[in-house]
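Student: Just dropping this structure here.
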Amino acid sequence: PAQSPVVDVVWPNRFKYERYGDLKYFNFTDFVQSYPLIDYIFASVNLLASSIRQFDIEILQKDESGVLKEVEDSELGNLIKYPNRSYGYKDLLEGTALSLAITGNAYWEIVKVNNEAVGLYLLQPHRIIIERNPKTNELIYKYLTSPKQPDVIYTEDEIIHFKLINLQDDFYGL
């Protein structure tokens, strides 16, 4: 099969990805795959991520006097509390915390039906490439699937990107 060249993306040069017959992700994929083998990192990250499960979600909104009040029934609150059929919000939050702790990034796919958000799915952060559309200047989130399937392309309104502050990169968390 023809070999694809290394593709430069928004990340610094150390974060190139390659496709040569099988899919290779970014350099930090090796860390994502090996972090369970490093006991103290595994224990710390899992403690953090599992601690997140203890929190309850509250959607707050300012009333006319500027006081924050809990919104009992909101579309956003319901979407976060019941993100999809596969897992609940505690799983979503735990996975988000784990992704942030390991890669500095977490991504939620917003599933829409008739332009209404009906589901949230946590995406694997080491499979995301962020590019800027040169014509529209909008961000494109490319989700690398497998060598036999095409990448999934998301627009900014289809992804919620959580990231830790990174002073060296505008697109990716540290």
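Student: Going down the table (90/142; 142/163; 90/112), which pairs top 28 Å between alpha carbons?
Tutor: Over 28 Å Cα-Cα: none of the listed pairs.
Student: A follow-up question, please. Using only the Cα atoms, work out Rg/Rh for the stretch 78-174, with Rh taken as the Kirkwood radius, to two decimals.
Tutor: Taking Rh as the inverse mean 1/r over Cα pairs, Rg/Rh reads 0.97.
Student: Sticking with this one: Kindly list the residues of the stretch 66-105 that lie in the label zone of residue 116, defined by a backbone N under 20 Å from the point 7 Å along the Cα-to-C-beta vector.
Tutor: 72-86
Student: Please give me, ordered by residue number, the trypsin sites (Lys or Arg not before Pro) of the stretch 104-138 that lie in loop per DSSP and have at most 10 other Cβ atoms within 10 Å.
Tutor: Passing both the DSSP loop test and the Cβ count: 135.
Student: Pop a pseudo-label 7 angstrom from the Cα along the beta-carbon direction at both residue 78 and residue 41 and give the gap in nm to one decimal.
Tutor: If labels sit at residue 78 and residue 41, their model points lie 4.2 nm apart.
Student: Counting Lys and Arg as +1 and Asp and Glu as -1, what is the net charge of the other residues whose Cβ lies under 15 Å from the Cβ of residue 88?
Tutor: Value of the local net charge: +1.
Student: With Cβ to Cβ distances under 15 Å as the rule, what net charge do the other residues near residue 137 carry (K, R +1; D, E -1)?
Tutor: -3
Student: Give me the net charge for the shell around residue 98: Cβ to Cβ below 14 angstrom, other residues only, Lys and Arg +1, Asp and Glu -1.
Tutor: Surrounding charge for residue 98 is 0.
Student: If each residue of separation counts as 0.36 nm, what is the full-extension length gain between residue 51 and residue 169 once their alpha-carbon separation is subtracted?
Tutor: Additional length available on full extension: 39.6 nm.
Student: Can you figure out the FRET efficiency of residue 158 with residue 135, using R₀ = 22 Å and their beta-carbon distance, to the nearest 0.05?
Tutor: 0.75
Student: Which of the GluC sites (Glu not before Pro) found in the stretch 79-174 are in a DSSP loop and have at most 12 neighbouring Cβ atoms, other than their own, within 10 Å?
Tutor: Those that pass, being in a loop and sparsely packed, are 138.
Student: Sequence-distant or interchain residues sharing an amide H contact under 5 Å with residue 159, placed H: which?
Tutor: 110
Read-outs throughout are calculated quantities, based only on the coordinates presented, and are distinct from any laboratory measurement. Just so you know, these numbers come straight off a predicted model, no measurement behind them. Cβ coordinates were reconstructed from backbone atoms using ideal geometry, including for glycine residues, and neighbour counts include every protein chain displayed.
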